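The values are calculated or read from the model by the stated rules, or taken from the named source; none is laboratory data. The model shown is predicted, which means the values in this text are computed figures rather than measured ones. Methodologically, a virtual Cβ is constructed for each residue, glycine included, from the backbone with ideal geometry; neighbour enumeration extends over all protein chains shown. Accessible surface areas use protein heavy atoms only, side chains included; no ligands, DNA or RNA. Shrake-Rupley method; radii C 1.70, N 1.55, O 1.52, S 1.80 Å.
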Amino acid sequence: MTRLGVATCRERPEPGPDDALMLRELDGIEVVAAPWDDPAAPWAGCDAVLLRSVWDYHRRVDEFLAWVEGLEAGGITVWNEAAAVAWNARKTYLLDLEAAGVPTVPTVWLEPGAVAAWPEAIRRSGWDPVVLKPIVGASGYLTWRASGREAARRVDRLARLAAHGGALLQPFVPEIESAGEWSLIYFEGRFSHAVRKRGKPGEFRVQTEFGGTEEAGEPAAELRAVAEKALAVAPEDPLYARVDGIETTDGFVVSELELIEPVLFLACSGRAAARFARAVAGRLATPAAS
């Protein structure tokens with residue numbers, strides 16, 4: 001029987017409700033789930049390993065990337081592939097999107113070795129308010145919004161970001177509070193479904209951890225065109241991907257391209273779980289995964 005490994009994390013070792021929907025659609029495939037860093041995990045006996053709820057990877061990114069690369073070096077197929085994961089783990093991939101002509105949120109990159117110069121970079125940007133994010137982060141981790149003056153003087157918070165590999169400095173995009181953020185989900189490069197996420201009143205972060213909500217939606221053709229232009233920049237051909245973006249007065253801008261552990265909102269679309277399962281089964285049926 002074909003065996004699929006599903007990589008999770010120690011805090012939540014079982015596949016979450018989102019993934020459980022997809023796994024129930026897989027016929028004739030044995031599924032084994034374990035935290036990615038569990039030394040007893042039976043990855044060597046799997047036909048492929050699917051990265052899903054590896055939600056702590058950003059706290060130990062070098063160890064995580066070495067683990068993914070080690071699986072592939074040992075002849076174990078991983079989805080998404082190690083090259084795509086390494087590229088996507090650091091938000092510097094946004095530079096590649098920008099170079100390819102993908103509309104993105106304007107960004108100033110704050111290098112960890114120059115943290116003393118960060119306050120001046122914040123003031124020089126002229127943005128107010130600003131948003132700061134760690135270059136390696138997930139689920140709103142260490143992300144904060146502040147006035148330009150406050151951000152420049154919070155050396156304690158800047159130091160925490162520097163300790164996590166540097167930071168992104170961006171202008172606050174006000175439309176995220178009024179219109180929310182779109183998430184467009186793709187399997188094998190094909191559009192599956194989309195949701196619009198909104199934060200709770202007074203909160204700009206739209207993740208459920210911060211009280212955010214989501215509802216199914218149908219993005220306009222121009223939004224899909226931008227999302228697919230972003231997806232085309234990714235190395236390899238991702239099995240799954242989520243493109244996040246905001247509709248602004250200047251058009252749709254991409255805020256994130258998620259290839260490692262995104263929530264896929266499978267419950268928001270009646271056949272999304274089946275579409276994801278077909279994509280997984282199709283790859284398992286290829287010689288590379290056998």
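Observations, loosely collected:
- Hits in region 42-94 - residues which are of a type in the set (S, T, N, Q), open to solvent by 20 Å² or more (accessible area, probe 1.4 Å) and farther than 13 Å from residue 137 by Cβ: 77
- Candidate set from region 237-255 (those that are among the acidic types (Asp, Glu) and farther than 14 Å from residue 186 by Cα); member that is nearest to the chain's Cα centre (by Cα): 247
- Of all the listed residues (233, 226, 253), the sole one being in a loop (DSSP other than H, G, I, E, B) and either in contact with a helix residue (DSSP H, G or I) (Cβ under 6 Å, 6 or more places away or on another chain) or of a type in the set (Val, Ile, Thr) (or both) is 233.
- Once region 135-155 is narrowed to residues that are free of Cβ contacts under 8 Å to residues at least 24 places away in the same chain and part of a loop (DSSP other than H, G, I, E, B), the residue that is surrounded by the most Cβ atoms within 10 Å (Cβ to Cβ) is 154.
- Any chance residue 98 is open to solvent by 20 Å² or more (accessible area, probe 1.4 Å) and touching an Asp or Glu at 6+ places or on another chain (Cβ under 9 Å): no
- Residue check for residue 77: in contact with a Pro (Cβ under 7 Å, 6 or more places away or on another chain), over 21 Å from residue 256 (Cα atoms) and of a type outside the set (Gly, Ala, Ser): no
- Count - residues of region 156-171 that are open to solvent by less than 30 Å² (accessible area, probe 1.4 Å) and closer than 18 Å to residue 129 by Cβ: 7
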